[in-house]
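Contents: one structure, followed by commentary.
Please treat every number below as a calculation from the coordinates, not as lab data. From a predicted model like this one, the values you see are computed outputs, not experimental measurements. Please note: Cβ atoms are built from the backbone with ideal geometry, for glycine as well, and neighbour counts cover all protein chains shown.
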Amino acid sequence: MRYVATPEFSEKVSTLDSEELQSLASVLERLKDGSRSALEKELTSLSGLEGNLHVIKQGDLRVFLSFGSNKDGEYALLVDLAVRQNSRTGHSAAGFRAVSPNLDPRKNRMINPRQNSIIDPKRNMMIDPNRNMIIDPRRNTMIDPRRNMMIDPNRNMMIDPLRNSMLDPNKNSLINPARNSAWNGAFLYNLDARPEGFFVRAGEKVSLQFDPDANFVGFCVPAGDNFNMFNPNGRWVAFFAKSGANGYNQFDTSCNWIGFTTKSLLPRQDD
C-alpha cells in the first residue's frame, strides 16, 4: 500500500532519535507490504475524533494515520506521530513535544524578535500595546474583559472552564495533550523551549491557557493581529505578537520577550 505524509508528520520525523527512526521504518515497511485489512489487528481506532483516525504502535512510537483510496488504489495518510510520554527526555508527562528547529526562534533568526525588528514590539510600535491604543486593553474597552463580559470567563459561563466541562481538560480528555496523543493544539514554551502550558479554544474570541498539569492559569483575547493575555481575574499580564511563521512570541507588558508558541492560539475550527 502507498503512503503519503502530511508536512507536520515529516517535520516531526526530524526530531526522532535513532531508535525511534528504526521503529518508524518498521511501521512504514509493514504499510508498504500490506493492506488495511492485513493491518487490522495492529490498528487502534481513536474514537471521538474526525477523519477515522487510527494509531499503530511500535515500541514507544505512535503513528497516527487515516486511510483513503483513489484511482491508483488504497493509500495511508500519515497524519502525526508521538513518542510515548516519559519514554525519553524532551517528552514530558503532559504530552509536550520537542520543538522543530525551523519553528524555534532560538535557531531561526527570522522569528526571533531580538534579530528581527519587525516582530519586536520595542522597535515596532504597531505591535506594542503601550504605543498602539487599538491593541491596548486599558484604552480599548472591546478587548478588556473587565469591561466586556462576552470575553470574560468570570461572567460568561460558556467560556469558563470551571463551569463548562467541555472546556476543562481535566474532564474532557480530547483537549488534554496528556490524555490524547493526537491532540494538535498550541503549546506555550519559555525561552529555553521548555513547556509552560497549552491553549484550548473557548470560542471565536477567547483562548484558555492551562499549565502543564491542566490548571487554568489565564486566557487570551485577539487584539488586531496580537493576542492579549489575562490572568483568571482579568488582569492584563502579557501579550503575543506574530512571529512571522504560524506561531507567536510572548512578551510581558513591558515588551520583554518571555516565550513563544509554534501555532496559533486560536486556530480556525477547520484547521
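For a straight C-alpha distance cut-off of 22 angstrom, the lysines reachable from LYS205 (same-chain residues fewer than eight places away being disregarded) are LYS242, LYS263. Listed from fewest to most Cβ neighbours within 10 Å, the set SER264, SER35 follows the order SER35, SER264.
Taking a ≥ b ≥ c as the square roots of the eigenvalues of the Cα gyration tensor of the stretch 101-261, is the shape rounded (a/c under 1.5), prolate (a/b larger than b/c) or oblate? In terms of gyration-tensor shape, oblate. The modelled label-to-label distance for the pair MET126/GLN22, using points 7 Å beyond Cα in the direction of Cβ, is 5.2 nm. Rounded to the nearest whole Hz, the Karplus-based 3J(HN,Hα) values (6.51 cos²θ - 1.76 cosθ + 1.60, θ = phi - 60°) of the stretch 39-44 follow the sequence 8, 3, 6, 8, 7, 10, with x at glycine and proline.
Given a Förster radius of 35 Å and the C-beta distance between SER37 and MET158 as r, what FRET efficiency does 1/(1 + (r/R0)^6) yield to the nearest 0.05? Calculated value: 0.20.
Taking each DSSP H run with n ≥ 4 as -39500 (n - 2.57) and averaging over every residue of the chain yields -2500 deg cm²/dmol at 222 nm. By the count of other C-beta atoms within 10 Å, a proxy for reagent exposure, MET229, MET150 are ordered fewest to most as MET150, MET229. Comparing Cα centroids, the stretch 222-254 and the stretch 123-175 end up 10 angstrom apart. For the chain, a crude dipole built from +1 on the beta carbon of Lys and Arg and -1 on the beta carbon of Asp and Glu, taken about the Cα centre, is about 620 debye to the nearest 20. Taking the square roots of five times each eigenvalue of the Cα gyration tensor of the chain, the equivalent ellipsoid has semi-axes of 37, 21, 16 Å, listed largest first. In summary, the lysines within cross-link reach of LYS71, defined as a Cα separation below 30 angstrom excluding same-chain residues under 8 places away, comprise LYS12, LYS32, LYS41, LYS57. The stretch 2-83 has equivalent-ellipsoid semi-axes of 19, 14, 13 Å, by the square roots of 5 times the alpha carbon gyration tensor eigenvalues, sorted largest first.
Spacing of the modelled spin labels on ASN215 and ASN246, each 7 Å from Cα toward Cβ, amounts to 3.1 nm.
Computed from label points 7 Å out along Cα-Cβ, the spacing between ARG179 and THR253 is 3.4 nm. Note on the chain: dipole from Cβ charges, positive end direction compared against SER69, ILE151, VAL55; the farthest Cα belongs to ILE151. Between the residues LEU16, ILE111, PRO195, the greatest Cα displacement towards the positive end of the dipole of the chain, with unit charges on the Cβ of Lys, Arg, Asp and Glu, is found for ILE111. For the chain, the longest principal axis of the Cα atoms and the long axis of helix 18-33 meet at an angle of about 60 degrees.
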